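A.B. asks: Handing you this structure, nothing more for now.
The values are calculated or read from the model by the stated rules, or taken from the named source; none is laboratory data. Just so it is clear, the structure is predicted and the values come from calculations on it, not from any experiment. Neighbour counts are summed over all protein chains in view; Cβ atoms, including those assigned to glycine, are modelled from backbone coordinates with ideal geometry.
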Amino acid sequence: MIAHCNFYIRFALFLGCALAAAARAETGAPIADFIALNYHDVISERAYAAPDARYAVTAKNLEAQFAWLKNNRYTVIDIQTLLDARNGKQTLPDKAVLLSFDDGYLSFYTEVLPLLKTYRYPATLAVVGSWLESRHAPNQRALMSAGQLREVVKSGLVEIASHGYDLHRGVIVNAHGDYQSAATARAFLGDGYESEENYRKRIFQALDKSAEQLFQTVGIRPRVMVWPYGDYNAVTLEAAKRAGMPLTMGLGDGGNTLADLGAIKRLIVTDDPDIPQFARLMREQRLDQTLRVAQVDMDYLYDDDEEQAERNISALADRIEASGVNTVFLQAYADPDGDGGGDQLYFPNRRLPVRRDLFNRVALRLRSQAKVKVYAWLPIMAYRASLPAEWYVHEWKDDEVRPAPKSRLSPFNPQARQFIGDIYEDLAVHCDFDGILFHDDGILSDFEDASAPALTFGHDVWGLPTDFETLRADAGLRMTWARHKTELLAQFTDYLTDRVKYYRPYIKTARNLFALPVINQSSEEWYAQSLATFLTHYDYAAVEAMPFMEQAENPQAWLQNLLNKVAAHPLGLQKTLFELQTVDWNQQQPVPMAVFIEQVRLLEKNGARHIGYYPDNVHADHPNRQALENLFKPN
């Protein structure tokens, strides 16, 4: 009994800490102490068409951008100013900007340094150790020499940072030969994957070697690590700190506070922006993007014939690239019988069988070819495995407690929580993606969870009766219980997010939400779901805006009512994704395209920012690709 009590105390403390973290929450406008900009090569004119040419800026536009910063009263700051401000020695100026240049191209010496001297702007220059050593960049562009680096340092305007020794490359991550960033990927070795121990050893050595090399080259040990491709995780951050680089820089939308110096977000400057485009980048920081989402069943792509599966993947990538979709929710678990539960997974893991290692392959293809964000779509609780009965959700039925139908692991059971957490962590270890979509299985009805751990927790932590009949007999107690369960499920997904963020710290989160708890708040009792709670815990609440599934008599009026209910919440429209259905499952027929288009237009007209649909059927071209392009592609 003492062991059980200790568990509940620890769990309660966990909930309290997670709740405090969730309360940081969005207040609308981003709060930033400074903005960081990221540049790469600087060229005299737009003259070449290499694959990475979009990351170069012309010298003319760079000078115009520097002048714009000055004319608009931005103050360009250096690394020491950030450190002094964090340590309370000074305050940051208003409209502070940090300039950074990656890779050590010769153009920094010939084009950028003279501009820095003219404007008296400081900058950070990140150098790739292996490139410096060989004087060779994979893209064949000229690099600075060691002598030129030393001259740059003597200017007093440039902070030399590490870009890693040999991390600016990809490593093979699966049997298909796909590549991911060397900093965060577990290399596929033919007969298995790089171990945690060997991965850590490789990362620590790469950062130690880079720091020592720069010390030997320019006489100064770097105190800043700039992550190649913006990819980092808890292991790389630990290695950077040990190598004497407590400040690191990634990539990402938005500005930074002084609390972010361990992993500074930088706005990468692409496509050689003119001044109106640059001004918009500085003003909006790419935080204004609206989501246009396709939710994709991996089971539609899977085929026993691997060559056919490859054709399916290619067809999907071509379709998404042309469609105007900018985000894909991609199924990472196998559910061929459509019951909503995960029997197998599409990625290597320690807990369930692997149907085929496909998720990472498809995600990488979509991200590289279609240039979309990919969210891994996984159940919260519905995993099918031979596990002890007490690990599962139980319900009260016919005056007794029994396992609930559609088996779901209980978030009140510590072993079940660990089991699910391991799945999410293994996804992050082996796959590269942009976010998590938590499936709609995360519900507890007004008769669930009646398991012994759940009722004991409810009594010890929430002060509720342990006798189920007493709990059910009072309407006020039932709603109190439901609200506690709503919060507990959200806190459980926070725990799963933390397991993922150890290896993928920059991911976003979304969670499926049934429409009824939005339309009728009292129905939280039946679902343990609440829009207000979701808006607090997730980047996006993905409400299932599916009038045919709900058998609405007037689908358009139903959608309008749903949208109005969302709009009544602070940040409701800003953080809610309306996910339309493309199949009428009650009739077992596709939703006609004219109806789908009408629903999208209604949502757009009435202020919905984020719109998606489920499912995407690549085989039937439904929704029609041309219609999607007309709806979703920016004008």
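A.B. asks: Specify which of the listed residues (ALA334, ALA243) is under 24 Å from the mean Cα position of the chain (by Cα) and either on the phi < 0 side of the Ramachandran plot or outside the structural domain of GLN369 (by TED's automatic domain parsing) (or both).
C.D. replies: On the way: ALA243 fails: under 24 Å from the mean Cα position of the chain (by Cα).
From the options ALA334, ALA243, the qualifying one is ALA334.
A.B. asks: Being in a loop (DSSP other than H, G, I, E, B), over 14 Å from ARG365 (Cβ atoms) and of a type in the set (A, V, I, L, M) is the filter here; which residues of region 158-185 pass it? Quick ask: steps written out before the conclusion?
C.D. replies: To start, the set of residues in region 158-185 that are in a loop (DSSP other than H, G, I, E, B) comprises 163-169, 173-178, 182-185.
Subsequent filtering for residues that are over 14 Å from ARG365 (Cβ atoms) retains 163-169, 175, 182-185.
Matches in region 158-185: LEU167, ALA175, ALA182, ALA183, ALA185.
A.B. asks: So, of the residues in region 592-635 that are in a loop (DSSP other than H, G, I, E, B) and under 24 Å from ASP539 (Cβ atoms), which turns out to be modelled with the lowest pLDDT? Working first, answer last.
C.D. replies: Narrowing region 592-635 to residues in a loop (DSSP other than H, G, I, E, B): 592, 606-609, 615-616, 618-621, 623-624, 633-635.
Okay, now just the ones that are also under 24 Å from ASP539 (Cβ atoms), so 606-609, 615-616, 633-634.
Values: ASN606: 96, GLY607: 95, ALA608: 97, ARG609: 97, PRO615: 97, ASP616: 97, LYS633: 87, PRO634: 79.
Applying the filter and picking the extreme gives PRO634.
A.B. asks: Now for a different question. Run down ARG417, ARG408 and say which single residue is surrounded by fewer than 23 Cβ atoms within 10 Å (Cβ to Cβ) and within 13 Å of ILE380 (Cβ to Cβ).
C.D. replies: On the way: ARG408 fails: surrounded by fewer than 23 Cβ atoms within 10 Å (Cβ to Cβ).
So the residue among ARG417, ARG408 that is surrounded by fewer than 23 Cβ atoms within 10 Å (Cβ to Cβ) and within 13 Å of ILE380 (Cβ to Cβ) is ARG417.
A.B. asks: Of the residues in region 290-319, how many are touching a His at 6+ places or on another chain (Cβ under 9 Å) and without any contact (Cβ under 8 Å) to a residue 40 or more places away in the chain?
C.D. replies: Narrowing region 290-319 to residues touching a His at 6+ places or on another chain (Cβ under 9 Å): 290-293, 300, 310, 312, 315.
Subset that is without any contact (Cβ under 8 Å) to a residue 40 or more places away in the chain: 310.
Qualifying residue count, region 290-319: 1.
A.B. asks: Taking the stated definitions as given, is GLN140 surrounded by fewer than 15 Cβ atoms within 10 Å (Cβ to Cβ), among the polar types (S, T, N, Q) and more than 22 Å from THR58 (Cβ to Cβ)?
C.D. replies: So GLN140 fails the test.
A.B. asks: Quick check on region 218-240: of everything there that is under 21 Å from the mean Cα position of the chain (by Cα), outside any helix (DSSP H, G or I) and hydrophobic (A, V, I, L, M, F, W, C), which residue is farthest from ARG186 (Cα to Cα)?
C.D. replies: Applying the filter and picking the extreme gives VAL226.
A.B. asks: Still on this structure, I have one more. Please tell me if SER100 is in a strand (DSSP E or B), in the same structural domain as GLN213 (by TED's automatic domain parsing) and of a type in the set (Ser, Thr, Tyr). Break it down stepwise before answering.
C.D. replies: Working: in a strand (DSSP E or B): yes; in the same structural domain as GLN213 (by TED's automatic domain parsing): yes; of a type in the set (Ser, Thr, Tyr): yes.
Here the answer is yes, as SER100 does meet what is asked.
A.B. asks: Just checking, does region 313-325 include any residue being under 17 Å from ALA620 (Cβ atoms) and either of a type in the set (Lys, Arg) or in contact with a Pro (Cβ under 8 Å, 6 or more places away or on another chain) (or both)?
C.D. replies: Yes, some residue in region 313-325 is under 17 Å from ALA620 (Cβ atoms) and either of a type in the set (Lys, Arg) or in contact with a Pro (Cβ under 8 Å, 6 or more places away or on another chain) (or both).
A.B. asks: Let me ask another. Based on what the data block shows, is ARG504 surrounded by 22 or more Cβ atoms within 10 Å (Cβ to Cβ) and among the basic types (Lys, Arg)?
C.D. replies: Values: surrounded by 22 or more Cβ atoms within 10 Å (Cβ to Cβ): yes; among the basic types (Lys, Arg): yes.
Here the answer is yes, as ARG504 does meet what is asked.
A.B. asks: Tally the residues that are of a type in the set (A, V, I, L, M), touching a helix residue (DSSP H, G or I) at 6+ places or on another chain (Cβ under 6 Å) and under 18 Å from GLY230 (Cβ atoms), restricting the search to region 241-260. Working first, answer last.
C.D. replies: Of the residues in region 241-260, the ones of a type in the set (A, V, I, L, M) are 243, 245, 247, 249, 251, 258-259.
With touching a helix residue (DSSP H, G or I) at 6+ places or on another chain (Cβ under 6 Å) added as a condition, the list becomes 243, 251, 258.
Right, trim to under 18 Å from GLY230 (Cβ atoms) and you get 251.
Result for region 241-260: 1.
For (1) among the hydrophobic types (A, V, I, L, M, F, W, C); (2) touching a Pro at 6+ places or on another chain (Cβ under 7 Å); (3) more than 28 Å from ALA594 (Cα to Cα); (4) at pLDDT 95 or above, each residue gets a yes or a no:
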{"residue": "ALA515", "(1), (2), (3), (4)": "yes, no, no, yes"}
{"residue": "VAL518", "(1), (2), (3), (4)": "yes, no, no, yes"}
{"residue": "GLN521", "(1), (2), (3), (4)": "no, no, yes, no"}
{"residue": "PHE534", "(1), (2), (3), (4)": "yes, no, yes, yes"}
{"residue": "ALA541", "(1), (2), (3), (4)": "yes, no, no, yes"}
{"residue": "MET546", "(1), (2), (3), (4)": "yes, no, no, yes"}
{"residue": "ASN561", "(1), (2), (3), (4)": "no, no, no, yes"}
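Condition check ((1) closer than 21 Å to VAL224 by Cα; (2) without any contact (Cβ under 8 Å) to a residue 24 or more places away in the chain; (3) among the aromatic types (Phe, Trp, Tyr); (4) in contact with a strand residue (DSSP E or B) (Cβ under 9 Å, 6 or more places away or on another chain)) across all residues:
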{"residue": "ASP103", "(1), (2), (3), (4)": "yes, no, no, yes"}
{"residue": "LEU106", "(1), (2), (3), (4)": "yes, no, no, yes"}
{"residue": "LEU113", "(1), (2), (3), (4)": "yes, no, no, yes"}
{"residue": "LYS117", "(1), (2), (3), (4)": "no, no, no, no"}
{"residue": "VAL127", "(1), (2), (3), (4)": "yes, no, no, yes"}
{"residue": "SER130", "(1), (2), (3), (4)": "yes, no, no, no"}
{"residue": "ARG141", "(1), (2), (3), (4)": "no, no, no, yes"}
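A.B. asks: I've got another one for you. Condition check: among the charged types (D, E, K, R), in a loop (DSSP other than H, G, I, E, B) and either more than 29 Å from PRO615 (Cα to Cα) or at pLDDT 95 or above (or both). Does ASP272 satisfy that? Give the derivation first.
C.D. replies: Details: among the charged types (D, E, K, R): yes; in a loop (DSSP other than H, G, I, E, B): yes; either more than 29 Å from PRO615 (Cα to Cα) or at pLDDT 95 or above (or both): yes.
Considered against the rule, which asks whether it is among the charged types (D, E, K, R), in a loop (DSSP other than H, G, I, E, B) and either more than 29 Å from PRO615 (Cα to Cα) or at pLDDT 95 or above (or both), ASP272 comes out as yes.
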